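**Q** If you scroll down you'll find the structure; I have some questions about it.
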Amino acid sequence: MADRSPHDERNETPLERADRNFAELLQELRVIQTGVQILFAFLLTLAFTQRFPSLDTAQRTTYVCTLLLSMLAAVLFMAPAALHRTLFQQHAKPAIVRISSRLAAAGLVVLTLAFTGSVLLVVDVSLGRAAGIAASTGTFVVCAGLWRIMPRLVQRAVVRSAAAPERAAGPERSEHSR
């Protein structure tokens, strides 16, 4: 069992695995995309509010950077659909899945920065620069923690728990082989 790949347990061909992985990725992107679109739309409307002309240079810079980051996040999260459509029926599904996964990961990094900038802007305008910096730092830490650090910790725990039965079986095997 230890010699078998986890994919073998599903009895899938490589193409079936790619199809399943792509379907799972698209479902994840559907969840993310709505939030990204709402953030982008919110930011687009800010420039047309009455209070916008009173923003200082730092706030305007934060706004423009955050708007562009939101746009980039939206594009990164939509790119897998465009890639799939362009390469449809060209026997490229494994490559599409691999590249799309990387695009989604990059999108999460950019989205973290867009969230951070949005919080910085809104809290800065509402409560002041120091509060904005504190709130945006907290936003960055939460996003990085939940989207980057937590998955790595879970992955490490899964690897350890999978290795534990093998370690436990190790001494028994050596005793039986004597």
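The values are calculated or read from the model by the stated rules, or taken from the named source; none is laboratory data. Here the structure is a predicted model, which is why all the values come from computation and not from measurement. Methodologically, a virtual Cβ is constructed for each residue, glycine included, from the backbone with ideal geometry; neighbour enumeration extends over all protein chains shown.
**Q** Using the structure shown, decide if THR49 is modelled with pLDDT of 90 or more and either touching a strand residue (DSSP E or B) at 6+ places or on another chain (Cβ under 8 Å) or loosely packed, with under 13 Cβ neighbours inside 10 Å (or both).
**A** Yes.
**Q** Ok, one more. May I ask you to say which residue of SER54, SER126, SER136 is touching a Ser or Thr at 6+ places or on another chain (Cβ under 6 Å) and more than 24 Å from GLU28 (Cα to Cα)?
**A** Details: SER54 fails: touching a Ser or Thr at 6+ places or on another chain (Cβ under 6 Å); SER126 fails: touching a Ser or Thr at 6+ places or on another chain (Cβ under 6 Å).
Going through SER54, SER126, SER136 in turn, just one is touching a Ser or Thr at 6+ places or on another chain (Cβ under 6 Å) and more than 24 Å from GLU28 (Cα to Cα): SER136.
**Q** Looking at LEU43, LEU26, which one is assigned to a helix (DSSP H, G or I) and within 29 Å of ILE96 (Cβ to Cβ)? Give the steps one after another, and end with the answer.
**A** Values: LEU43 fails: within 29 Å of ILE96 (Cβ to Cβ).
Just one listed residue meets the conditions, LEU26.
**Q** Mind listing whichever residues of region 11-25 are among the aliphatic types (A, V, I, L, M) and either free of Cβ contacts under 8 Å to residues at least 60 places away in the same chain or surrounded by 13 or more Cβ atoms within 10 Å (Cβ to Cβ) (or both)?
**A** If the condition is that a residue be among the aliphatic types (A, V, I, L, M) and either free of Cβ contacts under 8 Å to residues at least 60 places away in the same chain or surrounded by 13 or more Cβ atoms within 10 Å (Cβ to Cβ) (or both), then ALA18, ALA23, LEU25 are the ones that fit.
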